[in-house]
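Undergrad: One structure follows; several queries about it will come next.
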């Protein structure tokens, strides 16, 4: 077993809701409500769940783009939420983020080469005359042609922009990259290109990924382990094969059965969940999933299920397992 | 066999931009039969939405213009109708739902007002009749507490609920055809499953034709009777759903099917189609897929392949099948 690179212990992130004439805090959106997991060096942990489940907030709180509300995050045993600003800044190049939307995450007035090289220069990791060569080298690794270096973002397609986003993260020689829905806005033929690129880079450079996605078929392809989130909590976590072959939580089972499969002959028993996700500002008591769970019993409405290991690193939080 | 409800005949919809002419829909022909679900698949910019908007005559002009072809709907050429005649078809005989249910509802009108409007305009119902019909429709699309929903505003509803309301509005006048443009793209998978289920149910109950536009081949396999694949403004393949998935012909269709990761089928590496969709401006006379195609021959770079059909009606536009298949 390889060593953990990231350890997250009981992490919580609440966003205040302000209201009234004095704009006082009148409640909290419990975006992340106590999650615990580790990410081992060189693996891809995927966080899956529907919109509003807190998966992106986890990704951003881990690299301290958001300050935590409670809990701990360790990067190589360093508690990153206790670091001073200048200490954190030194660590920043090692932890990078790639965003979902390649259209809004690039500055339209900045040449692509400058956008990719900016951080390297800013962190004082390279001299100006070496910069251009390094940028071009990174662009080539990411499948961009060297003559693209002086172009502006609007001249690129979605897939190419996502390559720029990856190059921008990669040039800092990071160890850990949070990939927040990196292929969701891309067409199928381009999506496959980017997924292959990410997997190649991981192999060549021993990168560790936190892959945030709602697309379970992509997750099954790319992950080492998978964690399923619902309303701010992890409800199930296991190795990729274990989770997809033996899902235990009713929510995981419903999610898997809801994914359309491109085979017109396939007849499946589909679990259709009733209703919508409740608001994270006012989550249900007991098991948060009980309002939509087809198997809910009395105990589910009253007690929060324990998040326990059912063997072989397969964790699940459900009274019925 | 049911008769054709819609026939696109050599439809050409072009956009005149500063950079040049974008042939968004370039000589497209296919039909939709009564009660049939036809899925139009393709990647962004392939012209699938513009085809649907041309049928509704909702192409903004300028810059867009339908420059050629015919669209026969229920025996009439849509493109020759007056604006007043067209208005009687739109929302009445043809309903349409869009990808983004938030932006397609009016934020300052209640849900009730928005469902009642087409009923009062097209069906000449009184306010009272329209109110009752609206409540019935809301129940039909699976939303409880219909009376309360009638007086709510769109922002008070979730994305899935808003899409259900859109479906209720589109169904209000009992259309013969429902056009759904990426109806579940903005929704979560569990909500998507609900909406697809609802569309399937409603279609069966009403024997209504459905033209569903999507990029998701999983959805196509689930709901379609017949599939039309588009690439860069052209139909490159069409066939009944089973035939298309089991026996796809065009290298692009095959590539799309292979490039998509599938749940339960793990593979080491995904197949990729190299390159990207060509710039739609200034395309010449050659197969638009030729520069990405691993089977490309000399002729592919010189002439546009025509859509040809095999004896079972499976159609493909590709030089690989020329000669084998008849025009």
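The values are calculated or read from the model by the stated rules, or taken from the named source; none is laboratory data. Computed from a predicted structure; not experimentally measured. Neighbour counts are summed over all protein chains in view; Cβ atoms, including those assigned to glycine, are modelled from backbone coordinates with ideal geometry.
Undergrad: Kindly indicate which of B:163, B:192 is assigned by TED's automatic domain parsing to the domain that holds residue B:54 and at pLDDT below 90.
TA: Numbers: B:163 fails: assigned by TED's automatic domain parsing to the domain that holds residue B:54.
Exactly one of B:163, B:192 is assigned by TED's automatic domain parsing to the domain that holds residue B:54 and at pLDDT below 90, namely B:192.
Undergrad: Hey, does the range A:256-269 have a residue that's surrounded by 21 or more Cβ atoms within 10 Å (Cβ to Cβ) and more than 8 Å from chain B (Cβ to nearest Cβ)?
TA: The answer is no; no qualifying residue exists.
Undergrad: Sticking with this one: Is it fair to say residue B:261 is within 20 Å of residue B:219 (Cα to Cα) and modelled with pLDDT of 95 or more?
TA: Working: within 20 Å of residue B:219 (Cα to Cα): yes; modelled with pLDDT of 95 or more: no.
Against the criterion (within 20 Å of residue B:219 (Cα to Cα) and modelled with pLDDT of 95 or more), residue B:261 does not qualify.
Undergrad: What number of residues within the range B:281-327 are at pLDDT below 90, part of a loop (DSSP other than H, G, I, E, B) and within 20 Å of residue B:228 (Cα to Cα)?
TA: Qualifying residue count for the region: 5.
Undergrad: A further question on this structure: Kindly provide the set of residues from the range A:171-186 that are without any contact (Cβ under 8 Å) to a residue 60 or more places away in the chain and farther than 23 Å from residue A:216 by Cβ, ordered by number.
TA: Scanning the range A:171-186 gives a single hit, A:171.
Undergrad: Please tell me if residue A:107 is over 15 Å from the mean Cα position of the chain (by Cα) and not in a strand (DSSP E or B).
TA: Working: over 15 Å from the mean Cα position of the chain (by Cα): yes; not in a strand (DSSP E or B): yes.
Yes; evaluated as a whole, the condition is true for this residue.
Undergrad: Looking at the range A:298-321, which of the residues that are in contact (Cβ under 8 Å) with a residue 12 or more places away in the chain and outside any loop (DSSP other than H, G, I, E, B) is nearest to residue A:238 (Cα to Cα)?
TA: Of all residues in the range A:298-321, those in contact (Cβ under 8 Å) with a residue 12 or more places away in the chain come to A:299-305, A:307, A:310, A:312-321.
Right, trim to outside any loop (DSSP other than H, G, I, E, B) and you get A:299-302, A:307, A:315-317.
On the way: A:299: 25, A:300: 22, A:301: 25, A:302: 26, A:307: 12, A:315: 6, A:316: 8, A:317: 12 Å.
Among residues in the range A:298-321 that are in contact (Cβ under 8 Å) with a residue 12 or more places away in the chain and outside any loop (DSSP other than H, G, I, E, B), the one nearest to residue A:238 (Cα to Cα) is A:315.
Undergrad: Report the residue count in the range B:124-146 for those that are assigned to a loop (DSSP other than H, G, I, E, B) and either under 28 Å from the mean Cα position of the chain (by Cα) or crowded, with 18+ Cβ neighbours inside 10 Å (or both). Don't jump to the end; show me each part of the working.
TA: Of the range B:124-146, the ones assigned to a loop (DSSP other than H, G, I, E, B) are B:124-126, B:141-145.
Next, from what is left, pick out any that are either under 28 Å from the mean Cα position of the chain (by Cα) or crowded, with 18+ Cβ neighbours inside 10 Å (or both): B:125, B:141-143.
Residues in the range B:124-146 being assigned to a loop (DSSP other than H, G, I, E, B) and either under 28 Å from the mean Cα position of the chain (by Cα) or crowded, with 18+ Cβ neighbours inside 10 Å (or both): 4 in total.
Undergrad: Output the helices (runs of 4 or more DSSP H) that fall wholly within the range A:187-297 and possess 3 or more residues being closer than 26 Å to residue A:174 by Cα and without any contact (Cβ under 8 Å) to a residue 12 or more places away in the chain, or say none. Reasoning before the result, please.
TA: Details: elements: A:188-205, A:216-222, A:240-245, A:250-258.
Hits in the range A:187-297: A:188-205.
Undergrad: Within the range B:200-208, is even one residue farther than 29 Å from residue B:86 by Cβ, in contact (Cβ under 8 Å) with a residue 40 or more places away in the chain and surrounded by 18 or more Cβ atoms within 10 Å (Cβ to Cβ)?
TA: Taking every residue of the range B:200-208 in turn, none turns out to be farther than 29 Å from residue B:86 by Cβ, in contact (Cβ under 8 Å) with a residue 40 or more places away in the chain and surrounded by 18 or more Cβ atoms within 10 Å (Cβ to Cβ).
Undergrad: Among the strands (runs of 3 or more DSSP E) contained in the range B:175-256, which hold 3 or more residues that are within 11 Å of chain A (Cβ to nearest Cβ) and on the phi > 0 side of the Ramachandran plot?
TA: On the way: elements: B:177-181, B:209-214, B:226-231, B:234-240.
Fully inside the range B:175-256 and qualifying: nothing.
Undergrad: I need a count of the residues in the range A:229-243 that are within 12 Å of chain B (Cβ to nearest Cβ) and touching a strand residue (DSSP E or B) at 6+ places or on another chain (Cβ under 8 Å).
TA: Filtering the range A:229-243 for residues within 12 Å of chain B (Cβ to nearest Cβ) gives A:230, A:240-241, A:243.
Subset that is touching a strand residue (DSSP E or B) at 6+ places or on another chain (Cβ under 8 Å): A:240, A:243.
Final tally of qualifying residues: 2.
Undergrad: Then there is this: Output the strands (runs of 3 or more DSSP E) that fall wholly within the range B:25-119 and possess 2 or more residues being surrounded by fewer than 21 Cβ atoms within 10 Å (Cβ to Cβ), or say none. It would help to see each step written out before you state the result.
TA: On the way: elements: B:37-41, B:64-73, B:94-97.
The strands (runs of 3 or more DSSP E) meeting that bar are B:64-73.
Undergrad: Okay, moving on. Name the residue that is surrounded by the fewest Cβ atoms within 10 Å (Cβ to Cβ), counting only residues in the range A:119-158 that are part of a helix (DSSP H, G or I) and touching a residue at least 40 places away in the same chain (Cβ under 8 Å).
TA: Of the residues in the range A:119-158, the ones part of a helix (DSSP H, G or I) are A:119-122, A:128-141, A:146-150, A:153-155, A:158.
Next, only the ones that are touching a residue at least 40 places away in the same chain (Cβ under 8 Å) stay: A:119-120, A:141, A:153-154, A:158.
Numbers: A:119: 16, A:120: 20, A:141: 18, A:153: 19, A:154: 9, A:158: 19.
The qualifying residue surrounded by the fewest Cβ atoms within 10 Å (Cβ to Cβ) is A:154.
Undergrad: So how many residues does the range B:272-288 have that are within 11 Å of chain A (Cβ to nearest Cβ) and either closer than 19 Å to residue B:316 by Cα or buried (at least 16 other Cβ atoms within 10 Å of the Cβ) (or both)?
TA: We begin by selecting, within the range B:272-288, every residue within 11 Å of chain A (Cβ to nearest Cβ); these are B:272-279.
Now narrow it down to the ones that are either closer than 19 Å to residue B:316 by Cα or buried (at least 16 other Cβ atoms within 10 Å of the Cβ) (or both): B:272-273, B:276-278.
Residues flagged as within 11 Å of chain A (Cβ to nearest Cβ) and either closer than 19 Å to residue B:316 by Cα or buried (at least 16 other Cβ atoms within 10 Å of the Cβ) (or both) within the range B:272-288 amount to 5.
Undergrad: Does residue A:165 satisfy the condition of being away from every other protein chain (no Cβ under 14 Å) and surrounded by fewer than 19 Cβ atoms within 10 Å (Cβ to Cβ)?
TA: Details: away from every other protein chain (no Cβ under 14 Å): yes; surrounded by fewer than 19 Cβ atoms within 10 Å (Cβ to Cβ): no.
The answer is no for residue A:165.
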